[in-house]
Amino acid sequence: MPPVATGAGMPWDTPAPDPVATLAEARRSLGDTFVVESGDDCYLFTFSAAGVKSFYALPEDRASKGVADWRMLRRKLPDEMFAGRRVLPHQLFGREDVATYLHNVQTALDDTFLELGPEGVVEVFELTRRLGHRVGLASWGGPGSATGPRFDRLAKAFDALDGSESFVHPDAMAHVAATAKVAEYEALAVITGELGDALGDLPGRESKHPLFARVAAAWADEPLEAARVGVARDVALIHIASMSNLFAAMGWSLVDLLAHSDEAQRVRSGDQSLAEACALESIRLAQRSIMARFVIAPVTLDVGSTRHDVATGVTVATLLPLTNTSAAPGLEVWDPSIWNRRRLADTSVLGAMELVTAFGHGRHTCPAQPFSLSAMTTAVRRLLVEYELYPRWVDRPVPVRAQIGGVARSAAPCPLRFARRPGL
């Protein structure tokens, strides 16, 4: 039995101003494998090379990432969003969908630049959040969902519903539970109404909204009202699952490039390989993800020094911010040269390649990775091409301390002055 981290707990059960620091201290005190008992749950954390490799190799039908993610998100999202889904996020990220996404990214940027105007000041992560909503809703939100009043209402409702709050501000989940998710249900009602209206506007426009039409087709055998609700909930879950981290990753990519002028100039000049490496590097350093697998049938975890039999009901976990920056010398600093395409250029310095990641490994690699990288690099390059950008922060922003999961949100605003380049 691994040692138990006395006094530690997960932040949705136990007050923890900085849960990542708490788990880092437990690792220093207890070694690379230990147990955290939190509320009614038991978490087995592993950080050794063998342990993390074994973690990723656990079979999904016995140790489920999907169930672990659901257990976290359900603290924020209404249960109805998970029941009866017919189109899941991974079904909309096929190779044949790439052209649709790239077109929508460009259109969303056009609308964003019109909204920004020629000059002003904007908060980086507010800019990228709104852009993320535009890209997603242009892709799967149906007619009228990415512009005008419908977009504004949907963006506001999705900000209120935001499932990522369950891990960005886990300490707030007690209030969500105490209010019986009333704000979340109100936001879901707005989303259902707006996307239901988009469904009514779809006939004759299917070719312009192929992804939304695909969701609609999955509900074509239902009466209109049931289809409105089903389509809206499918799209809502797709949007939340796909976009909750993209805007933050895009923001960090911009923040880091503005701190590295040579790389920013090369990206502005069209170096796509470097742009992608920079995006991957920003995501690596901004990761606050807890990678978790909920055990639904007994498994064995090999941590190198020993093997642990893990019972049903235990959550096996590792924490990316503790491995992404410490698995080899030099990983604590931003350095896009460590990437070769979408892999680390030299994995021989790692005890296991799984110790460092931006989008996951193996079958649990994020299916939206190609879309996300294309969206990030396209958006950041166009911002650099079309605007002079002047950061109004001094030191690199830091993550929200309470966050444990996903790509970091900035703890403080990041104001950015912009001015359109002459002739554009």
As an exercise: evaluate Met72 against (1) buried (at least 20 other Cβ atoms within 10 Å of the Cβ); (2) more than 25 Å from Cys366 (Cβ to Cβ); (3) of a type in the set (A, V, I, L, M, F, W, C) and give the number of the one condition it does not meet. (2)
Hits in segment 6-34 - residues which are open to solvent by less than 30 Å² (accessible area, probe 1.4 Å), within 20 Å of Pro170 (Cα to Cα) and touching a residue at least 24 places away in the same chain (Cβ under 8 Å): Ala8, Gly9, Met10, Pro11, Ala16, Pro19, Val20, Leu23, Ala24
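Filter segment 222-254 for residues that are more than 21 Å from the chain's Cα centre (by Cα) and either in contact (Cβ under 8 Å) with a residue 24 or more places away in the chain or open to solvent by less than 20 Å² (accessible area, probe 1.4 Å) (or both) and give the result. Steps first, answer last, please.
Residues of segment 222-254 more than 21 Å from the chain's Cα centre (by Cα): 222-231.
Once the filter is applied, which keeps residues that are more than 21 Å from the chain's Cα centre (by Cα) and either in contact (Cβ under 8 Å) with a residue 24 or more places away in the chain or open to solvent by less than 20 Å² (accessible area, probe 1.4 Å) (or both), segment 222-254 yields Ala227, Arg228, Val229, Gly230, Val231.
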Across segment 286-328, what is the total count of residues that are free of Cβ contacts under 8 Å to residues at least 12 places away in the same chain, more than 13 Å from Leu44 (Cβ to Cβ) and not in a loop (DSSP other than H, G, I, E, B)? 0
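Hey, among Val349, Val385, which residue is open to solvent by 30 Å² or more (accessible area, probe 1.4 Å), hydrophobic (A, V, I, L, M, F, W, C) and in contact (Cβ under 8 Å) with a residue 40 or more places away in the chain? So that I can check it myself, show each step before the final result.
Details: Val349 fails: in contact (Cβ under 8 Å) with a residue 40 or more places away in the chain.
Within the list Val349, Val385, the selection yields Val385.
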Residues of segment 56-65 being under 11 Å from Ile296 (Cα atoms), open to solvent by less than 40 Å² (accessible area, probe 1.4 Å) and part of a helix (DSSP H, G or I), which ones? none
Those residues of segment 390-424 which are buried (at least 17 other Cβ atoms within 10 Å of the Cβ), more than 28 Å from Leu73 (Cβ to Cβ) and touching a helix residue (DSSP H, G or I) at 6+ places or on another chain (Cβ under 6 Å), in sequence order: Leu416
Considering only segment 339-368, state which residues are under 26 Å from Met243 (Cα atoms) and hydrophobic (A, V, I, L, M, F, W, C). Trp339, Leu344, Leu355, Val356, Ala358, Phe359, Cys366, Ala368
Please give the helices (runs of 4 or more DSSP H) falling wholly within segment 141-236 in which 2 or more residues are among the hydroxyl-bearing types (Ser, Thr, Tyr). 182-200
When the residues of segment 283-341 are narrowed to those that are of a type in the set (Val, Ile, Thr) and under 24 Å from Ser261 (Cβ atoms), which ends up surrounded by the fewest Cβ atoms within 10 Å (Cβ to Cβ)? Val333
Members of segment 11-25 found to be within 22 Å of Val303 (Cα to Cα) and in contact with a Gly (Cβ under 9 Å, 6 or more places away or on another chain), listed by number: Thr22
I'd like the residue in segment 144-187 that is charged (D, E, K, R) and modelled with pLDDT of 95 or more and, out of all such residues, is least open to solvent (accessible area, probe 1.4 Å). Glu184
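The values are calculated or read from the model by the stated rules, or taken from the named source; none is laboratory data. What you are looking at is a predicted structure, and each value in this text was computed from that prediction instead of being measured. Cβ: placed from backbone, ideal geometry, glycine included. Neighbour counts: every protein chain shown. When the accessible area is computed, the model is the full protein with side chains, heavy atoms only, and any ligands, DNA or RNA have been set aside. Shrake-Rupley method; radii C 1.70, N 1.55, O 1.52, S 1.80 Å.
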